[in-house]
Amino acid sequence: MKKFFVYMGLFFSTILPVMGQEVAFNWPYQVKDGTIVTEVPQRPAGQQSALGLTAPKMKTVRVAFVGLGMRGPGAVFRWTHINGTEIKALCDYERERAEACNKYLRDASMPAADIYSGEEGYKKLCERKDIDLVYIATDWLHHFVVAKYALEQGKHVAIEVPSAMSMTEIWTLINLSESKRLHCMMLENCCYDFFELNSLNMAQHGVFGEVIYAAGAYRHDLSPFWKAYWKKDASDKLGWRLDYNQKFRGDVYATHGLGPIAQALDIHRGDRMTTLVAMDTKSVNGKKWVEQMSGKPCKDFANGDHTVTMIRTEEGKMMEIHHNTMTPQPYSRMYQLVGTTGFANKYPIEGYALSGEDMKKAGVKPSADDLSGHSFMKNVDRKALEAKYESPIIKRYEAKAKEVGGHGGMDFIMDSRLVYCLQHGLPLDMDVYDLAEWCCLAELGSLSMDHGCMPVAVPDFTRGQWNTVKGYRHAFATPEEEAEVDKASAEFTAKLKEKGAKYWKKVKK
């Protein structure tokens, strides 16, 4: 069993005391016919699957935010631009950070939110009866701590990435979502970027034929930040994240790359991940950073500079996931779909490849009949293809998303879709099984690498129901229902702003 200490750092607020948290990868497993197989706990009697889980419609989504360091404040700001929501509470270990976020409510003429802070401030927040959703944007090591308690208190949760760091945490969240009939969504914003949404819509309409291979990544040179990460005291020379990489081996941040391609491949909606093999390079730059920052020789550094995970699916398809925060390179999430008749690629060149004949079959007139999948199509053809297959989500939210922002607008789209589904009583775009599948690469990948890159069986987190739903789809209400909810939401927010204006006028006096 591996044990290591990880400390909270740069950019992240704290909700627990700054003392460090022990994380253990110790889920039961055995080797069967040359493959590592982890234990799949039996679903408790009377507990139902969370596939297609819905909750009663919410006329108003009452939300509370926990963790107001880097990502949290931006989320508070975005939610002040979403009609039909009310921000009830703000929580951070450091009270001043929570209080500072009330400025977004003041600027939006909305009443101030109640403030919670300290080691267990989030518990009091979760125990309130007037909160529907707890939005968790703490450091990644404490996502589970808050989510577990919130679910136990009957709250839906939306959790920043990665939402769970171990199989123990993953299976606990699955059982809570299933037994409590509550949404447990991971806030994977990259599923809502414009290219990914349009490409997903094309894939769902068969534009690329059958997608048989997909790639994704988190390739982000963090060298400008290593020295700035928070350090617990004078003896801590590395900061929490470099210390983490020195002691832990694996893809600890797989979700940005894996999430969008998993949707395109209908994972647990007609297909499932069955086997993964992970391998990494030796550590070169990681060791150098330890030596540079500690002033001492570094003999051991667990995480390789570059990690690759290959995944095979039940339907004979492949996914390739990369993780590298150590070497110089342009930022890349790769995002590539390889289909039997077409191709989509985002980094480093963004575009599509289709033959002229397949363009015609897709209902788009090509600029030339000799158009070939051998190269990226011309811009005029790309624009025509995207106009034909523009995601309905982009059509609804693009203008507002670009106005409000958040990674170019995808954060706003993510939050708006969450609210939309809650207001209409629809299944969320990402369920607890997505969370499980996208987060499991950390522990399962380390198991593979620690055993000579042995294959690891990816558990069926749905426990036998991965093929019940046929194809990944976003849920939508009827145009009439949308119009009714939009009208009521706008009216609620207008009244809330009137109330807020009076509140802040009184406070000013």
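The values are calculated or read from the model by the stated rules, or taken from the named source; none is laboratory data. Being a predicted model, the structure only gives us computed values, none of them experimental. Neighbour counts run over all protein chains shown; Cβ positions are idealised from the backbone, glycine included. What goes into the accessible areas is simple: the full protein's heavy atoms, side chains included, and nothing from ligands, DNA or RNA. Shrake-Rupley method; radii C 1.70, N 1.55, O 1.52, S 1.80 Å.
Annotations
- All positions within segment 316-344 that are within 13 Å of VAL211 (Cα to Cα) and not aromatic (Phe, Trp, Tyr): GLY316, LYS317, MET318, MET319, GLN336, LEU337, VAL338, GLY339, THR340, THR341, GLY342, ALA344
- Taking (1) out of contact with any strand residue (DSSP E or B) (no Cβ under 6 Å at 6 or more places or on another chain); (2) touching a residue at least 24 places away in the same chain (Cβ under 8 Å) in turn, ALA387 satisfies each apart from (2).
- Qualifying strands (runs of 3 or more DSSP E) (wholly inside segment 20-95; at least 2 residues being over 21 Å from HIS156 (Cβ atoms) and either in contact with a Ser or Thr (Cβ under 9 Å, 6 or more places away or on another chain) or free of Cβ contacts under 8 Å to residues at least 40 places away in the same chain (or both)): 21-25, 29-32, 35-38
- Pairs where the first residue, in segment 195-214, is under 12 Å from LEU385 (Cβ atoms) and the second is β-branched (Val, Ile, Thr) and in a helix (DSSP H, G or I), C-beta under 9 Å, 6+ apart: ASN198/ILE394; ASN201/ILE393; ASN201/ILE394
- Of the numbered criteria (1) crowded, with 19+ Cβ neighbours inside 10 Å; (2) over 25 Å from MET410 (Cβ atoms), the one TRP140 fails is (2).
- The residue that is surrounded by the most Cβ atoms within 10 Å (Cβ to Cβ), among those in segment 472-509 that are over 15 Å from GLY425 (Cβ atoms), among the aromatic types (Phe, Trp, Tyr) and within 31 Å of the chain's Cα centre (by Cα), is TYR472.
- Residue in segment 213-221 that is of a type outside the set (Gly, Ala, Ser), modelled with pLDDT under 95 and in contact with a helix residue (DSSP H, G or I) (Cβ under 8 Å, 6 or more places away or on another chain) present: no
- Number of positions in segment 232-276 that are open to solvent by 20 Å² or more (accessible area, probe 1.4 Å), among the hydroxyl-bearing types (Ser, Thr, Tyr) and touching a Phe, Trp or Tyr at 6+ places or on another chain (Cβ under 6 Å): 1
- Scope segment 385-444; condition surrounded by fewer than 18 Cβ atoms within 10 Å (Cβ to Cβ) and either under 19 Å from the mean Cα position of the chain (by Cα) or not in a helix (DSSP H, G or I) (or both); matching residues: GLU390, GLY405, HIS407, GLY408, GLY425
- Subset of segment 315-350 that is of a type outside the set (Ser, Thr, Tyr) and over 24 Å from the mean Cα position of the chain (by Cα) - its residue that is surrounded by the fewest Cβ atoms within 10 Å (Cβ to Cβ): PRO328
- Residue within segment 112-130 that is more than 21 Å from ARG95 (Cβ to Cβ) and aliphatic (A, V, I, L, M) present: no
- Considering each residue of segment 359-379 in turn, none proves to be in contact (Cβ under 8 Å) with a residue 60 or more places away in the chain and within 30 Å of ARG463 (Cα to Cα).
- Of the criteria (1) surrounded by fewer than 19 Cβ atoms within 10 Å (Cβ to Cβ); (2) in contact with a helix residue (DSSP H, G or I) (Cβ under 8 Å, 6 or more places away or on another chain), which one PRO73 fails: (1)
- Pairs, first closer than 19 Å to SER117 by Cα in segment 143-155, second of a type in the set (Lys, Arg), C-beta under 7 Å, six or more apart: TYR149/LYS123
- Matching residues in segment 168-226 - criterion: being of a type in the set (Ser, Thr, Tyr) and either more than 14 Å from the chain's Cα centre (by Cα) or open to solvent by less than 10 Å² (accessible area, probe 1.4 Å) (or both): THR168, THR172, SER177, SER179, TYR192, SER199, TYR213, SER223
- The lone exception for TYR116 - which of (1) open to solvent by 10 Å² or more (accessible area, probe 1.4 Å); (2) within 28 Å of TYR397 (Cα to Cα) it fails: (2)
- Answer from GLU437, GLU480 - the residue that is over 16 Å from ARG78 (Cβ atoms), free of Cβ contacts under 8 Å to residues at least 12 places away in the same chain and acidic (Asp, Glu): GLU480
- Of the listed requirements (1) within 26 Å of LEU444 (Cβ to Cβ); (2) in contact with an Asp or Glu (Cβ under 9 Å, 6 or more places away or on another chain); (3) modelled with pLDDT of 95 or more, ILE159 misses just one: (2).
- Residue among ARG382, ARG463 that alone is of a type in the set (Lys, Arg), outside any helix (DSSP H, G or I) and over 19 Å from the mean Cα position of the chain (by Cα): ARG463
- Considering the conditions (1) under 23 Å from LEU187 (Cα atoms); (2) open to solvent by 20 Å² or more (accessible area, probe 1.4 Å), MET279 is excluded by exactly one of them, (1).
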